[in-house]
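Colleague: Starting off with a structure, shown below.
The values are calculated or read from the model by the stated rules, or taken from the named source; none is laboratory data. These numbers were taken from a predicted model, which means no experiment stands behind them. Glycine also receives a Cβ, built like all others from the backbone with ideal geometry; neighbour counts cover every protein chain displayed.
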Amino acid sequence: MAYIEPAPLKDKENPFEAMMSRFHDASQLLGLEDEIYNVLKSPARQVIVSLPVTMDDGSIKVFEGYRVVHSNILGPSKGGIRYDPHVNLDEVKALAAWMTWKCAVVDIPYGGAKGGITCNPRQMSAGEIERLTRAYTGAMIDIFGPDRDIPAPDMGTGPREMAWLMDEYSKTQGMTVNAVVTGKPLVLGGSLGRTEATGRGVMVSTLTAMEKMKINPYKATCAVQGFGNVGSWAARLLAERGLIVQAISDISGAYYNEKGIDIEAAVAYSAKNKGSLEGFPGAEKINGEDLLTLPVDVLVPAATEDVIKASNAPNIKAKLIVEGANGPTSSKADNIINEKGIVVVPDILANAGGVTVSYFEWVQNRLGYKWEAERVNRRSDRIMKDAFNNVYRVANEYKVSMRIAAYMVAIDKVAKTYKYRGGF
Ligand code: NAD
């Protein structure tokens, strides 16, 4: 088939190009028709808004906000909102497409979207962040909706911002609409298990992969990059299941203890220290980059994108990489890692526990009912395991990496649905 653009491969990648490169390879293996390839590669909608916000000193600052709906073929679009100084349209486009593939790979009835605001929430007061969140919600009122597009937290946002978003949206509708957003505080209709859901999914993926690879969790060592929501929960749950977490890290650097870090102590320390591990007494401080090449069995990148690249991939010693973050591995690094025989559980599968429990939150809101934590965990573990086994089967059948297999499963599902619907 004649494709429009073969995806470029270089070391420092634009995240959209990295995603397109995998999409391209998987589409080719599936023999996807050109027409459908073109539909799936283009975001359905891209919105850029200017958000004037009154700052605490009385000045007015204008922030740029984005929402990209990549696809609504499988259902309403779903995806987080990121507050970060580096947010840009290309990144949001890549993350939106990732959400389409992620929802499809775990077989939940959502399309993909992503949003973001270029801002530094660490340098803003709660009042300023609230005004910014309300301005963003107002600007996106025609995009958001429980049957149209359902946001959620991502880097730099959490239950507090989702509560403001729900409140602002509800005011415009004249009634409480809690299903418009997920990741809300429990009292506003949040789901039990949502906070730890992504880290829990990473843990389930890790243990399922280790079972296939015949690695005994009680003898395995592990390093986790990033100690925010995903990394800290993944580290905690893996440690609970017997893995020795020898290294953790955050933006302040990496912390190493050969005998295993007391993760509960690290969580408590970071919480008291404004979310930073700086000065953590239970480990030796090492260079942040060096965490990635430690001689551990399992490596969990759970911080940010493009950290495993052609320059450090040859030095990676882990047998298994489980991608908690979105896009932590460049496509060029993929080739090196595959040649080394390292198994990678790709982002769109490994970190899909979050969107799975987000889906459960939306289901509960629409039912007007609340599930107990045990039911949430049991159902999300089942979904993660089934998705893992499905991707693993396709990887073996086509003799491809789990990443390409995950894309094949996802693209095949969206393409088939599109064909049945006859386009719209
Ligand atoms: P977070 O803001 O809670 O935490 C990010 C952590 O990474 C912080 O500890 C920060 O200090 C650290 N960090 C940032 N840059 C780093 C670097 N270069 N080296 C080491 N540490 C660094 O964010 P999060 O919600 O945990 O998200 C992390 C990743 O997981 C992102 O890629 C996000 O898109 C992805 N993700 C999150 C969820 C979710 O439910 N929160 C779901 C799916 C995917």
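Colleague: Would segment 25-39 turn up any residue that is under 22 Å from Arg148 (Cβ atoms), at pLDDT below 95 and not hydroxyl-bearing (Ser, Thr, Tyr)?
Modeller: Scanning segment 25-39 turns up at least one residue that is under 22 Å from Arg148 (Cβ atoms), at pLDDT below 95 and not hydroxyl-bearing (Ser, Thr, Tyr).
Colleague: Can you name the residue in segment 125-142 that is in contact (Cβ under 8 Å) with a residue 60 or more places away in the chain and assigned to a loop (DSSP other than H, G, I, E, B) and, of all such residues, is surrounded by the fewest Cβ atoms within 10 Å (Cβ to Cβ)?
Modeller: Among those residues, the one meeting the criterion is Ser125.
Colleague: May I pose another question? Looking at Lys219 and the list (1) away from the ligand (no atom under 16 Å from the Cβ); (2) over 20 Å from Thr293 (Cα atoms); (3) not assigned by TED's automatic domain parsing to the domain that holds Pro151, which single condition is not satisfied?
Modeller: Going through (1) away from the ligand (no atom under 16 Å from the Cβ); (2) over 20 Å from Thr293 (Cα atoms); (3) not assigned by TED's automatic domain parsing to the domain that holds Pro151 one by one, Lys219 breaks only (2).
Colleague: Let me ask something else about it. What's the total number of residues in segment 145-184 that are among the small types (Gly, Ala, Ser) and either without any contact (Cβ under 8 Å) to a residue 40 or more places away in the chain or in a loop (DSSP other than H, G, I, E, B) (or both)?
Modeller: 6
Colleague: When you scan segment 18-112 for strands (runs of 3 or more DSSP E) that lie fully inside it, which ones turn up with 2 or more residues that are assigned by TED's automatic domain parsing to the domain that holds Tyr136, out of contact with any Leu (no Cβ under 6 Å at 6 or more places or on another chain) and surrounded by 20 or more Cβ atoms within 10 Å (Cβ to Cβ)?
Modeller: Output list reads 60-71, 77-84.
Colleague: I'm checking my understanding of the structure. Among residues of segment 225-244 that are surrounded by fewer than 24 Cβ atoms within 10 Å (Cβ to Cβ) and in contact (Cβ under 8 Å) with a residue 24 or more places away in the chain, which one is farthest from the ligand (Cβ to nearest atom)?
Modeller: Here the answer is Gly242.
Colleague: Looking at Ala254, Ala271, which one is part of a strand (DSSP E or B), under 25 Å from Gly201 (Cβ atoms) and free of Cβ contacts under 8 Å to residues at least 40 places away in the same chain?
Modeller: That would be Ala254, the only listed residue that is part of a strand (DSSP E or B), under 25 Å from Gly201 (Cβ atoms) and free of Cβ contacts under 8 Å to residues at least 40 places away in the same chain.
Colleague: Here's another thing I want to ask about it. Of Ala373, Ala405, which residue is surrounded by fewer than 17 Cβ atoms within 10 Å (Cβ to Cβ) and away from the ligand (no atom under 16 Å from the Cβ)?
Modeller: Ala373
Colleague: Still on this structure: Given the conditions (1) out of contact with any strand residue (DSSP E or B) (no Cβ under 9 Å at 6 or more places or on another chain); (2) within 14 Å of the ligand (Cβ to nearest atom); (3) not in a helix (DSSP H, G or I), and given that Ala310 satisfies all but one, which numbered condition is not satisfied?
Modeller: Exception for Ala310: condition (2).
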